[in-house]
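K.L.:
My questions will all concern the structure given below.
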Amino acid sequence: MLRRAGQALMLLIALTVAAAIALALSYRSFLHTPLTVPDDGIDFTIASGESFSGVAAELEALGVLEHPDWFKLQARLGRYAERVQAGEYHIEAGTTPEALLQQFVSGDVVLYSFTIVEGWNRWELLAALESEPRLESTLEEQDWPQFLQELGSDTDNPEGLFLPETYRFPANSSDRDLLKQAHELLQETLEEAWLQRAPDLPLKTPYEALTLASIIEKETAKADERAEIAGVFVRRLNRRMRLQTDPTVIYGIGPDFNGNLTRRDLRTDTPYNTYTRGGLPPSPIAMAGRAAIEAALNPTDGTALFFVATGLGDGSHAFSDTKEQHDAAVQVYLERLRRRNRSQ
C-alpha cells in the first residue's frame, strides 16, 4: 500500500514538474514571440493615469495580446508596471511582449514635427503654433512678457528669440514646451557664434548681433549673399550711415502692412524705420537662422555700401560702392521690373 502511495506521489510530482516546465517554456515563448500586429504596425495610446491592467485589457481587445495575464506577470516581475509612461505609441510588426514593455517604460512615443521657418515674425510663429492640432495652444500675444520671464530672457519682446529648426514633440505637448526648446537652442547657437565672431564689429552684445542677423534674414534667401550683405551693413554702421533697409520699415508698420511699401512709409518715423533713425532697430525683426547669425558675426570684407535687387528673378542683388553706382543699379532693376510687368 505504502509503495503504491509512494509511486503515486512520485508520479504526481513528476507530472507537476513537467507541467511547470511546460508552463515556463510556454511563458518564455510568449515573451519572445511577436505580437499580432499588422505589417504597417498599429497605433496605441496609454492615457495619463491608466492602470497597467487597463493597458493589457486594451491590447487584448485590439487582438494584439494573446495572454494578458502573462503580460501583467512579466510587468510585475520586471517592475515595469509602475514605470510605464503615458503617450501615443506606434507598435511595429515583429514587436515582442518583452520589447513592448521596454518601449512603454522608455517612453518611446510617436513624435511629430513642427518647423519654425527662417524669416517668420512673432505673429506668424504664433499663428502657426495655434494651427498645429497636435500642440496644445496656450499662448496669446499678451502672454509673451510673462512667458519670456519664465524663460529667463532679458527682454519682453519675443521677436527673434526662437531658432528656426524642425522640432520633434509628442502629442499633447504645449506650444510653450516647444518654444522652450527653440529658445534654448537659439541661446546656444548665438553664444557659440558670438565667441567665434570677427574682430572690431560694431556690435556690443549678442542681442545686437541677433538683430542684425534678422535683417539679413529678411533681405536675402541666397546663401552666398548673406555674408556680403552683412558686410554692407557693418560698414554702414561703422561709418554712422543709416541702414536704410525696407524690412525694418515693414516690421515697424506691423501686421497691418498691405504689401505695398510707399514713400510715405519710408518717411514715417517709427523705432524700426532705419531711413529716419540711425543704428540698429531696438529688437530683431524676424527669426534668424544659423546661417544669418553666422553671417552677421563674420561679414565679408569689401567696399560696397549699397545693394539692390537685380530683378533677375533669382533673388540676387547688385552691390555698389558709391551712391551713383547704386542709383544706376536701381534703374536697371526698375527697367527689368517694368519689362516683366508688361510681359505679364
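Here, each number is a calculation from the coordinates, and none is a lab measurement. Please read all numbers here as calculations on a predicted model, not as lab measurements. Quick reminder, even Gly has a Cβ in these numbers, built from the backbone with ideal geometry, and neighbours come from all protein chains shown.
K.L.:
For the chain, would you read off the P(r) tail past 25 Å as a percentage of all alpha carbon pairs?
P.N.:
Counting pairs separated by more than 25 Å, the tail of P(r) holds 66 percent.
K.L.:
Right, another one. For PHE306, enumerate residues with amide H under 5 Å from its amide H, sequence gap 5+ or separate chain, H modeled in the peptide plane.
P.N.:
It is SER320, by chain and number.
K.L.:
Given the C-alpha centroids of region 299-341 and region 195-230, what is the distance between them in whole angstrom?
P.N.:
Region 299-341 and region 195-230 have Cα centres separated by 20 Å.
K.L.:
Report the FRET efficiency, 1/(1 + (r/R0)^6), for LEU337 and ALA223, where r is their Cβ-Cβ distance and R0 is 25 Å, rounded to 0.05.
P.N.:
Efficiency for this residue pair is about 0.55.
K.L.:
Per Stokes-Einstein, at 4 °C and 1.567 mPa s, what whole-number D in µm² s⁻¹ belongs to region 33-109, with the Kirkwood radius over Cα pairs as the hydrodynamic radius?
P.N.:
Values: Rh = 12.2 Å.
D = 106 µm²/s.
K.L.:
Give the long-range amide H neighbours of ALA286: residues separated by 5 or more places, or on another chain, with amide H under 5 Å away, using H modelled in the peptide plane at 1.01 Å from N.
P.N.:
GLY160
K.L.:
Spin-label point model (7 Å from Cα, Cβ direction): what's the PHE257 to GLU50 distance in nm?
P.N.:
4.7
K.L.:
I want to check the label-to-label distance for GLN325 and HIS32. Put each point 7 Å from Cα in the C-beta direction and report it in nm to one decimal.
P.N.:
7.5
K.L.:
For region 330-342, take each phi angle, set θ = phi - 60°, evaluate the Karplus expression 6.51 cos²θ - 1.76 cosθ + 1.60, and give the result in whole Hz per residue in order, putting x for glycine and proline.
P.N.:
4, 5, 4, 4, 5, 5, 5, 5, 5, 5, 5, 5, 5
K.L.:
Now for a separate question. Show me, for region 226-237, the HN-Hα J-couplings you get by feeding each phi into the Karplus relation (A = 6.51, B = -1.76, C = 1.60, θ = phi - 60°), rounded to Hz, glycine and proline as x.
P.N.:
Result, ordered by residue: 4, 5, 5, 5, 4, x, 4, 5, 5, 5, 5, 5 Hz.
K.L.:
Here's a follow-up. Angle check, please: helix 175-195 long axis (alpha carbons) against the longest principal axis of the chain (alpha carbons), in degrees 0 to 90, nearest 10.
P.N.:
Between the helix axis and the principal axis of the chain, the angle is about 60 degrees.
K.L.:
Give me log10 I(q)/I(0) at q = 0.15, 0.19 Å⁻¹ for region 303-344, Debye formula, one equal scatterer per alpha-carbon, no solvent.
P.N.:
-0.35, -0.53
K.L.:
Still on this model: Would you work out which of LEU186, ALA227, THR268 lies farthest towards the positive end of the dipole of the chain? Charges go on Cβ: Lys and Arg +1, Asp and Glu -1.
P.N.:
ALA227
K.L.:
Under the Karplus relation 6.51 cos²θ - 1.76 cosθ + 1.60, θ = phi - 60°, what is the ordered set of whole-Hz ³J(HN,Hα) values for region 72-80, x standing for Gly and Pro?
P.N.:
Working through the residues one at a time gives 5, 4, 5, 4, 6, 4, x, 6, 8 Hz.
K.L.:
Can you tell me the FRET efficiency between LYS180 and GLU82 if r is taken as the Cβ-Cβ distance and R0 is 25 Å, rounded to the nearest 0.05?
P.N.:
0.35
K.L.:
Related question: What are the residues whose amide H is under 5 Å from the amide H of THR96, where those residues sit 5 or more places off or on another chain and H is modelled from the backbone?
P.N.:
LEU35
K.L.:
Local charge sum around THR322 (other residues, Cβ-Cβ under 14 Å, Lys/Arg +1, Asp/Glu -1)?
P.N.:
+1
K.L.:
A further question on this structure: Taking the dipole about the Cα centre of the chain, with the C-beta of Lys and Arg at +1 and of Asp and Glu at -1, give me whichever of ILE91, GLN102, SER153 is farthest to the positive side.
P.N.:
SER153
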